[in-house]
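Everything on this sheet refers to the single structure shown next.
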Amino acid sequence: MAIITEDTPIGYALPQVSRKLDVGLNQVKTNDGQLDTIHTNAEAAAREGLSEPIAIGSRIFGVIPRMMMICFDEGWVVGGKGSVVTRRPAGIDDLITAKGYVKSKTVETEDKLRIECEVWVETDKGVKVMVGQCSGLVARTAP
Amino acid sequence: MAKPSKVRMAEDATGKRTTYEEIEVGKDLGSFEWTVTEADIERQCVLDEHWHEWFVSDSPWGAAVAPPQIQSRPPRWLLGRTYNIRGVSYKHDFEYLKPIKAGQTLTISGKISDKYVKRNREFMRWETFAHNEDGELVFSASRVQCMDIIERNAPREGVGVDGGPKPERI
């Protein structure tokens, strides 16, 4: 059951979603094992100019759709939209949390509203590693 | 711990790295078919610890559907078929238009849409589209990759471990 509706006020804080990353989640699997990548291997990371392996971007991003799904359910699976930027790397075993708030509402169709949200992911050290906007659709009652 | 390199990589295990000059804005990246499996959906749920009854049983769309973020992988596969760019993901714009079900075959296509230099680093943008068997657009994505973390005036002469092309699996 989506928690965001057309009556949700601007500024409403979205439910936070946290997870602990780990090395296993940053592995890139092949049919017979895994690759040595900048996400798991110190030498691979160093050759790209990194001081240590960094988390895969899509693993960091992954907490945002979880948060948006809680907010919009069907209106995220079909109608979900977003634009996110990676500002800083996250460590491969960081605790990350998706946060956000309702920023605006626009009429999408006669019976749908688009609810735009500011979203970001921060580490347990308080570093914002990913920022952006995401939106989902909710039912709109006739004006 | 190895010291971070001061030079950019010229090649890696997957071949010669693509240079900024070789990126052709407007280039058609071709297409490939991706048949989404139940295993793909389960793997995405595991990777993101994202479990929902709609991903494993019935949903409002008549069958289990994939977590929408499963769509973040095919754009990288598409790019890797034409260019060898490691770098790091910088920007990701996306739109989910239709649910994705197990057994569905999507045609993934795209093109290079931009390249630019910012803070002495090279960036490139590409668009990706996924169409279903009926020709309907299922999702679209626009991604920007920072081609190298190391600044662009560093020589490109090293040999990297990790490459751009990745296994086409979730």
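The values are calculated or read from the model by the stated rules, or taken from the named source; none is laboratory data. Not measured: the values here are computed from a predicted model. Quick reminder, even Gly has a Cβ in these numbers, built from the backbone with ideal geometry, and neighbours come from all protein chains shown.
Sort out which residues of the stretch B:65-80 are within 14 Å of B:V138 (Cβ to Cβ) and part of a helix (DSSP H, G or I), and write them in order of number. The answer is B:P68, B:Q69, B:I70, B:Q71, B:S72, B:P74, B:P75. Going residue by residue through the stretch B:70-82, is there one that turns out to be more than 22 Å from A:V85 (Cα to Cα) and either touching a Lys or Arg at 6+ places or on another chain (Cβ under 8 Å) or not polar (S, T, N, Q) (or both)? Yes, the conditions are met somewhere in the stretch B:70-82. Going through (1) crowded, with 24+ Cβ neighbours inside 10 Å; (2) under 30 Å from A:V107 (Cβ atoms) one by one, A:I70 falls short only on (1). The set of residues in the stretch B:1-18 being within 8 Å of chain A (Cβ to nearest Cβ), in a loop (DSSP other than H, G, I, E, B) and touching a Gly at 6+ places or on another chain (Cβ under 7 Å) consists of B:P4, B:S5. Scanning the stretch B:109-137 for residues that are touching a Phe, Trp or Tyr at 6+ places or on another chain (Cβ under 8 Å) and either farther than 25 Å from B:E95 by Cβ or within 11 Å of another protein chain (Cβ to nearest Cβ) (or both) turns up B:V117, B:E122.
Per the conditions (1) within 10 Å of chain A (Cβ to nearest Cβ); (2) outside any loop (DSSP other than H, G, I, E, B); (3) in contact with a helix residue (DSSP H, G or I) (Cβ under 9 Å, 6 or more places away or on another chain), the sole criterion not satisfied by B:L106 is (1). Taking the stretch B:32-69 only, how many residues are surrounded by 15 or more Cβ atoms within 10 Å (Cβ to Cβ) and more than 11 Å from chain A (Cβ to nearest Cβ)? Adding up the residues that qualify gives 7. Kindly evaluate A:R114 against the criterion of being farther than 24 Å from B:Q71 by Cβ, buried (at least 17 other Cβ atoms within 10 Å of the Cβ) and not polar (S, T, N, Q). No; evaluated as a whole, the condition is false for this residue.
Here the stretch A:43-67 is the region considered, the condition is being out of contact with any helix residue (DSSP H, G or I) (no Cβ under 8 Å at 6 or more places or on another chain) and within 7 Å of another protein chain (Cβ to nearest Cβ), and the residue that is surrounded by the fewest Cβ atoms within 10 Å (Cβ to Cβ) is A:E43.
How many residues does the stretch B:37-64 hold that are more than 20 Å from the chain's Cα centre (by Cα), assigned to a helix (DSSP H, G or I) and closer than 22 Å to A:K20 by Cβ? The number of residues fulfilling the criteria is 1.
Annotation: A:D22 fulfils all but one of (1) more than 7 Å from chain B (Cβ to nearest Cβ); (2) touching a Gly at 6+ places or on another chain (Cβ under 7 Å); (3) at pLDDT below 95; the unmet one is (2).
Filtering the stretch B:98-134 to residues that are surrounded by 15 or more Cβ atoms within 10 Å (Cβ to Cβ), closer than 18 Å to B:M147 by Cβ and out of contact with any Gly (no Cβ under 7 Å at 6 or more places or on another chain) leaves B:G110, B:S113, B:K115, B:R121, B:E122, B:F123, B:M124, B:R125.
Just one residue in the set A:I92, A:I70 is in contact (Cβ under 8 Å) with a residue 60 or more places away in the chain, more than 7 Å from chain B (Cβ to nearest Cβ) and touching a helix residue (DSSP H, G or I) at 6+ places or on another chain (Cβ under 8 Å); that residue is A:I92.
For residues in the stretch B:135-165 being under 15 Å from the mean Cα position of the chain (by Cα) and aliphatic (A, V, I, L, M), which is surrounded by the most Cβ atoms within 10 Å (Cβ to Cβ)? By that ranking, first place goes to B:M147.
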